[in-house]
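Structure first, then comments.
The values are calculated or read from the model by the stated rules, or taken from the named source; none is laboratory data. Just so it is clear, the structure is predicted and the values come from calculations on it, not from any experiment. Virtual Cβ from ideal backbone geometry, glycine too; neighbours counted across all protein chains shown. Heavy atoms of the whole protein, side chains included, go into the accessibility calculation; ligands, DNA and RNA do not. Shrake-Rupley method; radii C 1.70, N 1.55, O 1.52, S 1.80 Å.
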Amino acid sequence: MADSTTSRVSYTLDSTLDSVNKIEQTAEQYAQRAGFDEDTIPYIAMAVREAAVNAVLHGNAYDLNKHITASFETTSNDLVIRITDQGPGLDPTTLPDPLAPENILRGSGRGIFLIRSFMDEVNFRKLHPGTELTLIKHRTPAKSGT
């Protein structure tokens with residue numbers, strides 16, 4: 001039986017910053033509808049924006065012949081957001097540690113770190129071609145009045 005709290009939408013978008021903005025706004029709307037509080041929603045939106053920027057910039061290299069997809073799903077337990085690119089693929093184990101002394105002053109390289117900090121689960125899946133990044137934020141049930 002389908003859960004009435006489940007909803008899902010998916011977009012296929014060009015590799016542009018306009019697409020990044022649309023994905024960020026959609027994440028914000030889904031987070032609000034999923035019942036996240038006003039302190040949590042901006043962190044979810046920022047994590048999703050970082051993932052979308054990575055897909056457009058690093059994955060697809062702004063190639064207008066390549067697209068990104070973004071899907072948003074709320075279930076009774078989670079907000080699940082998937083961002084997919086058509087790039088060469090990403091191995092997250094090869095990413096430099098942004099907190100290492102030699103990387104502290106670098107202006108880039110913190111996106112995945114931020115995503116992992118703001119979300120409860122982050123999963124990478126290598127596609128052929130591309131990378132799918134799944135971001136999950138757990139919904140906490142409302143506390144009963146005591």
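Just a few scattered comments:
- Per-region count, the range 1-16, residues out of contact with any His (no Cβ under 6 Å at 6 or more places or on another chain), loosely packed, with under 14 Cβ neighbours inside 10 Å and at pLDDT 95 or above: 1
- Selection status of Thr75, at pLDDT below 95, of a type outside the set (Lys, Arg) and farther than 24 Å from His128 by Cβ: yes
- Residue list for the range 37-56, restricted to those being open to solvent by 40 Å² or more (accessible area, probe 1.4 Å) and in a loop (DSSP other than H, G, I, E, B): Asp37, Glu38, Asp39
- Qualifying residues in the range 101-145 (those that are of a type in the set (D, E, K, R) and open to solvent by 80 Å² or more (accessible area, probe 1.4 Å)) - the one modelled with the lowest pLDDT: Lys143
- When residues in the range 72-91 are screened for being open to solvent by less than 10 Å² (accessible area, probe 1.4 Å) and under 12 Å from the mean Cα position of the chain (by Cα), 4 of them pass.
- Test for Asn60: is it buried (at least 23 other Cβ atoms within 10 Å of the Cβ), over 12 Å from the mean Cα position of the chain (by Cα) and of a type outside the set (Gly, Ala, Ser): yes
- Test: residue in the range 61-78 that is in contact (Cβ under 8 Å) with a residue 12 or more places away in the chain and assigned to a helix (DSSP H, G or I): no
- Whenever a residue of the range 20-36 is open to solvent by less than 10 Å² (accessible area, probe 1.4 Å), its partners that are of a type outside the set (D, E, K, R) and assigned to a loop (DSSP other than H, G, I, E, B), lying with C-beta atoms within less than 8 angstrom and at least six residues away or across chains, give the pairs Ala31/Thr40.
- Residue match in the range 42-53 (condition: over 14 Å from Ile81 (Cα atoms) and touching a helix residue (DSSP H, G or I) at 6+ places or on another chain (Cβ under 7 Å)): yes
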